[in-house]
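Asks: Please find one structure pasted underneath; my questions will follow.
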Amino acid sequence: MVAGRGAGAVLTVRVIGETGSTNADLLAAAQAGAAEGIWLRAERQNAGRGRVGRPWADGAGNLFASTIVRLAPGDPPAPTLTLVAAIALAEAVAAVAPGLATIKWPNDLLIGGAKLSGILLERGDGNAVVIGFGVNLASHPHLTDRPTTSLSEHGVAADPAMLLDLLRDRFSVWLDLWRGHAMTTIRDAWEASAHPCGTPLRVRLPDGGERRGRFDGLDSDGALRLLNDDGVVILVHAGDVFA
């Protein structure tokens, strides 16, 4: 077990050799009363999953880690934590690979249009939110519906433990800002790490429909703003985005 200090809280990292899912483990730990600030990292993960239940390959040498946030009265809406997680991970990756990755709404990191990482938020019992991070450092899964990549494929060697140290410190800083309702600062930071405004995007909606338009930043609640050809802004709260 490794302890470190972020912006105002002691953060504890537990490392295990293998598990099914670090998110599932921390959801159970949260139900048993685990405190905010704990991080769990697995060397291997054999039942990881992404959004809408997609499997995520085990990939030894990659980063698989989760943490717990305990919601408190007066906190901003829980879904906006996805922006906090995305910014923190983008900054951690930028520390080892400057200028390489960009954020794709809401929280994937891409390199040249290929997926480098994913983030999964899951609500536990009571006031717990578990946030899981999967980053392709040494290898990457081969998905049928989108290109993927890893840092090693771009000549960057990154150790999972070192990247997690960077991530947990940045996450602590941005979580404090989130709790201070600095949502404008958070949106600005997210947009600065994302594809530029005006980028053509295609969104596959949960019901199977599609929307097309140009990226027009984020709405106040973190929704994606798409500007269509008629000059109308479409707000997207859920969906898969393709550039």
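Asks: Scan the stretch 118-140 and report the pairs whose first residue is under 13 Å from Asn62 (Cβ atoms) and whose second residue is of a type in the set (Lys, Arg), with Cβ atoms within less than 9 Å and a gap of 6+ or a chain change.
Replies: Short answer, once both residue conditions are applied: Gly118/Arg51; Gly118/Arg54; Gly132/Arg49; Asn136/Lys115; His140/Lys115.
Asks: Please determine whether any residue of the stretch 191-202 is surrounded by 17 or more Cβ atoms within 10 Å (Cβ to Cβ), touching a strand residue (DSSP E or B) at 6+ places or on another chain (Cβ under 8 Å) and closer than 30 Å to Ala30 by Cα.
Replies: Looking for residues that are surrounded by 17 or more Cβ atoms within 10 Å (Cβ to Cβ), touching a strand residue (DSSP E or B) at 6+ places or on another chain (Cβ under 8 Å) and closer than 30 Å to Ala30 by Cα, one finds none in the stretch 191-202, hence no.
Asks: Another question about this same structure. Determine, yes or no, whether Arg187 is outside any strand (DSSP E or B), touching a residue at least 12 places away in the same chain (Cβ under 8 Å) and out of contact with any Ser or Thr (no Cβ under 7 Å at 6 or more places or on another chain).
Replies: Details: outside any strand (DSSP E or B): yes; touching a residue at least 12 places away in the same chain (Cβ under 8 Å): yes; out of contact with any Ser or Thr (no Cβ under 7 Å at 6 or more places or on another chain): yes.
It is true that Arg187 is outside any strand (DSSP E or B), touching a residue at least 12 places away in the same chain (Cβ under 8 Å) and out of contact with any Ser or Thr (no Cβ under 7 Å at 6 or more places or on another chain).
Asks: Further question: Would you be able to tell me the number of residues in the stretch 173-200 that are at pLDDT 95 or above and touching a Gly at 6+ places or on another chain (Cβ under 7 Å)?
Replies: 3
Asks: Tell me whether the stretch 44-55 contains one or more residues that are under 20 Å from Leu89 (Cα atoms), at pLDDT 90 or above and open to solvent by less than 40 Å² (accessible area, probe 1.4 Å).
Replies: Among the residues of the stretch 44-55, not one is under 20 Å from Leu89 (Cα atoms), at pLDDT 90 or above and open to solvent by less than 40 Å² (accessible area, probe 1.4 Å), which makes the answer no.
Asks: What do you reckon, is Arg187 buried (at least 18 other Cβ atoms within 10 Å of the Cβ) and within 29 Å of Pro73 (Cβ to Cβ)? Please lay out each step first, then the result.
Replies: Values: buried (at least 18 other Cβ atoms within 10 Å of the Cβ): yes; within 29 Å of Pro73 (Cβ to Cβ): yes.
Against the criterion (buried (at least 18 other Cβ atoms within 10 Å of the Cβ) and within 29 Å of Pro73 (Cβ to Cβ)), Arg187 qualifies.
Asks: Output the number of residues of the stretch 190-214 satisfying the condition of being in contact (Cβ under 8 Å) with a residue 40 or more places away in the chain and not in a loop (DSSP other than H, G, I, E, B).
Replies: Number satisfying all stated conditions: 5.
Asks: Give me the pairs, please: first residue somewhere in the stretch 152-172 and assigned to a loop (DSSP other than H, G, I, E, B), second residue anywhere and open to solvent by less than 20 Å² (accessible area, probe 1.4 Å), beta-carbon distance under 6 Å, and either six or more positions apart or on two chains.
Replies: Every condition considered, the pairs that remain are Val156/Ala97; Ala158/Leu137; Ala158/Leu151.
Yes or no, residue by residue, for (1) open to solvent by 10 Å² or more (accessible area, probe 1.4 Å); (2) closer than 15 Å to Arg123 by Cα; (3) at pLDDT 95 or above:
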site	(1), (2), (3)
Ala65	no, no, yes
Leu71	yes, yes, yes
Thr82	yes, yes, yes
Ala88	no, no, yes
Glu91	yes, no, yes
Val96	yes, no, yes
Ile103	no, no, yes
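Asks: Tell me, yes or no, whether the stretch 162-172 has at least one residue that is among the small types (Gly, Ala, Ser), in contact with a Gly (Cβ under 8 Å, 6 or more places away or on another chain), modelled with pLDDT of 95 or more and open to solvent by less than 60 Å² (accessible area, probe 1.4 Å). I'd like the intermediate steps shown before the answer.
Replies: Of all residues in the stretch 162-172, those among the small types (Gly, Ala, Ser) come to 172.
From what is left, the residues that are in contact with a Gly (Cβ under 8 Å, 6 or more places away or on another chain) are 172.
Adding the requirement that they be modelled with pLDDT of 95 or more leaves 172.
Retained after the next criterion (residues that are open to solvent by less than 60 Å² (accessible area, probe 1.4 Å)): 172.
Within the stretch 162-172 (the criterion being among the small types (Gly, Ala, Ser), in contact with a Gly (Cβ under 8 Å, 6 or more places away or on another chain), modelled with pLDDT of 95 or more and open to solvent by less than 60 Å² (accessible area, probe 1.4 Å)), the answer is yes, since at least one residue qualifies.
Asks: Filter the stretch 116-126 down to residues that are at pLDDT below 95 and crowded, with 16+ Cβ neighbours inside 10 Å and give me whichever is farthest from Asp216 (Cα to Cα).
Replies: Gly124
Asks: Condition (residue is surrounded by 14 or more Cβ atoms within 10 Å (Cβ to Cβ), in a loop (DSSP other than H, G, I, E, B) and modelled with pLDDT under 95) applied to the stretch 224-236: is it met by at least one residue?
Replies: No; the residues of the stretch 224-236 include none that is surrounded by 14 or more Cβ atoms within 10 Å (Cβ to Cβ), in a loop (DSSP other than H, G, I, E, B) and modelled with pLDDT under 95.
Asks: Identify all residues within the stretch 107-117 that are in contact (Cβ under 8 Å) with a residue 40 or more places away in the chain and on the phi > 0 side of the Ramachandran plot; write none if there are none.
Replies: Selection gives Gly113 alone.
The values are calculated or read from the model by the stated rules, or taken from the named source; none is laboratory data. Small disclaimer: the values here were computed from a predicted structure and weren't measured. No Cβ is skipped: glycine too gets one built from the backbone with ideal geometry, and neighbour counts run over all protein chains shown. Surface areas here come from the heavy atoms of the whole protein model, side chains and all, with no ligands, DNA or RNA. Shrake-Rupley method; radii C 1.70, N 1.55, O 1.52, S 1.80 Å.
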